[in-house]
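For reference, the structure is listed below as structure tokens.
The values are calculated or read from the model by the stated rules, or taken from the named source; none is laboratory data. Remember, predicted model here, so these are calculated numbers, not experimental data. As a convention, Cβ positions derive from the backbone with ideal geometry for all residues, glycine included, and neighbour counts pool all protein chains shown. Quick note on the areas: whole protein, heavy atoms, side chains included, nothing else; ligands and nucleic acids left out. Shrake-Rupley method; radii C 1.70, N 1.55, O 1.52, S 1.80 Å.
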Amino acid sequence: MVHAFLLHGTAMLLDVYSGAVHVVDQMVVDIVQLFEQCTKQEILSQLQEKYTSDALEEGYEEVAILKQQGLLFAQDSYEAIATQFDQPTVVKALCLHIAHDCNLRCKYCFAETGSFHGSRSMMQLDVGKAAIDFVIEKSGNRKNIEIDFFGGEPLMNFEVVKQIVHYAKQQGEQAGKHFRFTITTNGMLLNADNSAFINEHMVNVVLSLDGDKQVNDAMRPRIDGSGTYDRIVPMFRQLAKERAHQGYFVRGTFTSQNLEFAKDVLHLADLGFEQISVEPVVAPDDKHYALKEAHLPILFLEYEKLAQAFVERSQAGQGFHFFHFALDLSGGPCAQKRLKGCGSGYEYLAVTPEGDLYPCHQFVGNTQLKMGDVFEKTIDASISKSFRERNVYTQTTCKDCWAKFYCSGGCPANAHQLNGDMDKPYEVGCALMKKRIECALWIKAMLG
Amino acid sequence: MKHIKTISTACLKDSAAHGGCGECQTSCQSACKTSCTVGNQKCEK
């Protein structure tokens, strides 16, 4: 399978099953589109009015050489890998819901402004310790274990965060495990003390900020309705500076209320942030802020504009890192990882303040998918199996999609929320993902 | 080649031969939390 696309006047080919990427001229695109169905003479004949015969001969030979080298029209040999289950299931990452409460009232919040469709509550230390014991026991031979402190707003329960970190490090040392901690915060409660702790212990920090003051404050107000931008931006800048701009993301959400989101990404870069992730909101059509199919043309143009600005700033020595444009073409994830995606429901689980286990943070509150709890150290085998067996070949729309090795079939929670079926991907999300991948590949071509 | 410039070779096939150790970061823990973005994850090897 070969995906051809044109971006800012540059024609490119992605050979899906080898992973090879090529910059080509339009003639090669035309040849490639006929190559598998037609003979050489038929191709030359069909294209002779557009190109000279010498050029067509050259182009055809170059395509043929790359096919011979396995860099074009490579065969799909991954389905067997996707269905290999010879390794034991291990849990290697937990999302700890430290606080099911929040000090903001973000209008697009999937967690019902922190309560996750239940009562507002805080995780107690005994639950956190049990979660650490649980993941050590369930992680098998896996050395690296990730713990994300999530909410609601985890800084509302930061003393427990600190104690869990210390406990995990102590227990991990005895068990031969390496814990990596991350935290997601809205920044309202950041101060010198907790920033220092975060910078010392967390390998990654996600700082929520949507864009300029108007955009951010419209969607991310405090409980009293007032804005948050003026409070959090100085704190985020200080935190990023103190960790030498490493291991963090300023993370925003765009919605139908700010379709022209490229300017918001650039605003975050202008504030001095070097690690930026701004993502589309995921919401059903009846929400006023939802992104719909009709919005796609303008969003595609926004990604193209952003990619252009990204290249220009990089070339001018003012580059920044944009999460969705960061493809590692030579040392990225292995095919096994790409086939199965996020690992929710078996490698990655969410823990509620009460210690209940769910397939991921976005399923919390959906009691049909409660998988057990950290005290009994149980995991529902049938739910786990349904997630584990999910891969890009079990989803019919993914199997024939050129982008499947970059999104790994998309987010099962999004699919479940929008389509009522984990194996039926969320279409608007797919379209945006594909556009981002094309932009990322184009950036590689431009920056080398 | 005059008409084709290859900017990345067959990394996916190569990775299948040596991959699957599972020590890598869980994709959703990195920055997104609302999308499955795997292509930009790093390999731990």
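Data for the structure
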{"quantity": "Filter pass, A:H8 being surrounded by fewer than 21 Cβ atoms within 10 Å (Cβ to Cβ) and out of contact with any Lys or Arg (no Cβ under 9 Å at 6 or more places or on another chain)", "calculated": "yes"}
{"quantity": "Given (1) within 14 Å of chain B (Cβ to nearest Cβ); (2) outside any helix (DSSP H, G or I); (3) among the hydrophobic types (A, V, I, L, M, F, W, C), index of the condition A:A64 fails", "calculated": "(2)"}
{"quantity": "Cβ pairs under 6 Å, 6+ apart, first in the stretch B:3-14 and within 7 Å of chain A (Cβ to nearest Cβ), second open to solvent by 20 Å² or more (accessible area, probe 1.4 Å) and of a type in the set (D, E, K, R)", "calculated": "B:H3/A:D25; B:I7/A:K444"}
{"quantity": "Breaking point among (1) surrounded by 21 or more Cβ atoms within 10 Å (Cβ to Cβ); (2) more than 25 Å from A:Y167 (Cα to Cα); (3) not hydroxyl-bearing (S, T, Y), for A:D54", "calculated": "(1)"}
{"quantity": "Filter result for A:L72 (open to solvent by less than 30 Å² (accessible area, probe 1.4 Å) and not acidic (D, E))", "calculated": "yes"}
{"quantity": "Selection within the stretch A:311-343 - open to solvent by less than 20 Å² (accessible area, probe 1.4 Å) and more than 7 Å from every other protein chain (Cβ to nearest Cβ)", "calculated": "A:V311, A:F320, A:F322, A:F325, A:L339"}
{"quantity": "Verdict on A:C102 being assigned to a loop (DSSP other than H, G, I, E, B) and not polar (S, T, N, Q)", "calculated": "yes"}
{"quantity": "Within the stretch A:137-224, strands (runs of 3 or more DSSP E) holding 2 or more residues that are under 20 Å from A:V127 (Cα atoms)", "calculated": "A:144-151, A:178-185"}
{"quantity": "Sole exception among (1) among the polar types (S, T, N, Q); (2) farther than 23 Å from A:Y289 by Cα; (3) within 14 Å of chain B (Cβ to nearest Cβ) for A:S208, by number", "calculated": "(2)"}
{"quantity": "Odd one out for A:G365, checked against (1) assigned to a loop (DSSP other than H, G, I, E, B); (2) crowded, with 24+ Cβ neighbours inside 10 Å; (3) among the small types (G, A, S)", "calculated": "(2)"}
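Okay, residues lined up against (1) surrounded by fewer than 18 Cβ atoms within 10 Å (Cβ to Cβ); (2) in a helix (DSSP H, G or I); (3) charged (D, E, K, R):
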{"site": "A:D230", "(1), (2), (3)": "yes, yes, yes"}
{"site": "A:L239", "(1), (2), (3)": "no, yes, no"}
{"site": "A:G252", "(1), (2), (3)": "no, no, no"}
{"site": "A:Q257", "(1), (2), (3)": "yes, yes, no"}
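Yes or no, residue by residue, for (1) of a type outside the set (D, E, K, R); (2) touching a residue at least 12 places away in the same chain (Cβ under 8 Å); (3) open to solvent by less than 10 Å² (accessible area, probe 1.4 Å):
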site: A:V91; (1), (2), (3): yes, yes, yes
site: A:L94; (1), (2), (3): yes, yes, yes
site: A:I98; (1), (2), (3): yes, yes, yes
site: A:S121; (1), (2), (3): yes, yes, no
site: A:L125; (1), (2), (3): yes, yes, no
site: A:A131; (1), (2), (3): yes, yes, yes
site: A:K143; (1), (2), (3): no, yes, no
site: A:D148; (1), (2), (3): no, yes, yes
site: A:F158; (1), (2), (3): yes, yes, no
